[in-house]
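Asks: Okay, here's the structure, questions in a sec.
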Amino acid sequence: MEKKIILENNEEIMNLLGSNDENLKIIRKHFKSKIIPRGNELIFIGNKDEITYAYRIFEELIGIMRTGIIIKPPEVKYALNILTKEKDIDLISVFTESVYVSPKGRTIRPKTITQKKYVEATFKNDITICIGPAGTGKTYLAVAMAISSLDRGEVDRIILTRPAVEAGERLGFLPGSLQEKISPYLKPLYDALYYMIGVEKLHQLIEQEVIEIAPLAFMRGRTLNNSFIILDEAQNTTPEQIKMFLTRLGFESKIIITGDITQIDLQKKSASGLVQIQSILKDIEGICFIYFTECDVVRHNLVQKIVKAYEKYEKSRVKNNV
């Protein structure tokens, strides 16, 4: 079977195929059929079902490209990954949904189906609990959604918190001021904010107490109204700590809890609060659980493979009762 796509001009096909045809090379690895560029045309020759699928991928990528998004290898890989799982999905809607646009014009958007569901769930629910491996955008998207809500006037402030594994009780033994003691635990949150709003703007908002970044121990006894509250690395909370945090929710506020239950740093005698709440809160309306897998990793390709290898290893240990 043979099919053909005709683009508007040679510039479009060059943008679609990528520098040195790098986008085309990625797609060709997934098909036995031939995909041949000729002028401003793409010609597909091969098995009917396979060509139909390849044709669909290029149609979606062209639609995405015509919205102004630059098609690079990561976008091609995300598209292939998404369409492999859900062939009927509207890929353009996934790629064009903007969560936040930074002052420098950086657009932050979902890059996988689960990320899109995560964003949708957060706007529909007051509490969203996101569990999954490193590199899936759990914290990054949470921060972007918080800044977006602040910009739209939906909340008055953003509160970002993480547990120091000691939960604050032993911070006094560390050298330096309080800020110096807790800074290493909170650096990933600072990094995301620096990228999205810049150093100067962040420090200004912190001085105005519009953005607060603090260890989890500092949340005790507070009621947080009109706030977007993010608890990161929640796998390192005890059941008591996560209960304390959840009950801080005030009026007109949202909570996002993120964590990776395969990377618990608590002492073995301590249970993880994030693991426990999955059974306790699963049926409560207004609370949504989102689960990421290695397929949602949006870092280097090797990160996805590493996560998958560890999952396989852990399953074999459980099976063998190791």
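Asks: Scan the stretch 194-239 residue by residue and report those that are under 30 Å from Ile280 (Cα atoms), open to solvent by less than 50 Å² (accessible area, probe 1.4 Å) and either of a type in the set (Gly, Ala, Ser) or in a loop (DSSP other than H, G, I, E, B) (or both).
Replies: Ala214, Ala217, Ser227, Asp232, Ala234, Thr237, Thr238
Asks: Failed condition for Ile290, given (1) open to solvent by 40 Å² or more (accessible area, probe 1.4 Å); (2) of a type in the set (A, V, I, L, M, F, W, C); (3) at pLDDT 90 or above, with all others met?
Replies: Only one criterion in (1) open to solvent by 40 Å² or more (accessible area, probe 1.4 Å); (2) of a type in the set (A, V, I, L, M, F, W, C); (3) at pLDDT 90 or above is unmet by Ile290, namely (1).
Asks: What's the number of the condition Ile147 fails, among (1) part of a helix (DSSP H, G or I); (2) open to solvent by 40 Å² or more (accessible area, probe 1.4 Å)?
Replies: Every listed condition holds for Ile147 apart from (2).
Asks: Out of the residues in the stretch 271-285 that are in contact (Cβ under 8 Å) with a residue 12 or more places away in the chain and either closer than 27 Å to Lys85 by Cα or open to solvent by 30 Å² or more (accessible area, probe 1.4 Å) (or both), state the one that is farthest from the chain's Cα centre (by Cα).
Replies: Ala271
Asks: While we're looking at this one, here's another question. Please go through the stretch 67-77 and pick out each residue that is more than 18 Å from Ile89 (Cα to Cα) and basic (Lys, Arg). Walk me through how you get there before you give the answer.
Replies: Of the residues in the stretch 67-77, the ones more than 18 Å from Ile89 (Cα to Cα) are 68-74.
Answer for the stretch 67-77, where residues must be more than 18 Å from Ile89 (Cα to Cα) and basic (Lys, Arg): just Lys72.
Asks: Next question. Considering only residues that are aromatic (Phe, Trp, Tyr) and either in contact with a helix residue (DSSP H, G or I) (Cβ under 6 Å, 6 or more places away or on another chain) or open to solvent by less than 30 Å² (accessible area, probe 1.4 Å) (or both), which ones fall in the stretch 28-53?
Replies: Matches in the stretch 28-53: Phe31, Phe44.
Asks: Of the residues that sit in the stretch 205-239 and are more than 25 Å from the chain's Cα centre (by Cα) and acidic (Asp, Glu), which one is nearest to Asp265 (Cα to Cα)? Give the derivation first.
Replies: Quick first cut of the stretch 205-239, residues more than 25 Å from the chain's Cα centre (by Cα) only: 207-209, 217-218, 220-223, 225.
With the extra rule that they be acidic (Asp, Glu), the set shrinks to 207, 209.
On the way: Glu207: 32, Glu209: 30 Å.
The selected residue is Glu209.
Asks: Any chance you could count how many residues in the stretch 240-270 are in contact (Cβ under 8 Å) with a residue 24 or more places away in the chain, more than 23 Å from Val143 (Cβ to Cβ) and either open to solvent by 100 Å² or more (accessible area, probe 1.4 Å) or among the small types (Gly, Ala, Ser) (or both)? Talk me through it step by step, then tell me what you get.
Replies: Narrowing the stretch 240-270 to residues in contact (Cβ under 8 Å) with a residue 24 or more places away in the chain: 240-246, 248-266, 270.
Checking which are more than 23 Å from Val143 (Cβ to Cβ) leaves us with 240, 243, 266, 270.
Narrowing the set further to residues that are either open to solvent by 100 Å² or more (accessible area, probe 1.4 Å) or among the small types (Gly, Ala, Ser) (or both) leaves 240, 243, 270.
Of the residues in the stretch 240-270, 3 are in contact (Cβ under 8 Å) with a residue 24 or more places away in the chain, more than 23 Å from Val143 (Cβ to Cβ) and either open to solvent by 100 Å² or more (accessible area, probe 1.4 Å) or among the small types (Gly, Ala, Ser) (or both).
Asks: Within the stretch 83-104, does at least one residue satisfy the condition of being open to solvent by 40 Å² or more (accessible area, probe 1.4 Å), touching a strand residue (DSSP E or B) at 6+ places or on another chain (Cβ under 9 Å), of a type in the set (Val, Ile, Thr) and without any contact (Cβ under 8 Å) to a residue 24 or more places away in the chain?
Replies: Yes; the residues of the stretch 83-104 include at least one that is open to solvent by 40 Å² or more (accessible area, probe 1.4 Å), touching a strand residue (DSSP E or B) at 6+ places or on another chain (Cβ under 9 Å), of a type in the set (Val, Ile, Thr) and without any contact (Cβ under 8 Å) to a residue 24 or more places away in the chain.
The values are calculated or read from the model by the stated rules, or taken from the named source; none is laboratory data. No experiment lies behind these values; they were computed from the predicted model shown. Because the Cβ atoms are built from the backbone with ideal geometry, glycine has one as well, and the counts that use them run over all protein chains shown. Just the protein is used for accessible areas: all its heavy atoms, side chains included, with ligands, DNA and RNA removed. Shrake-Rupley method; radii C 1.70, N 1.55, O 1.52, S 1.80 Å.
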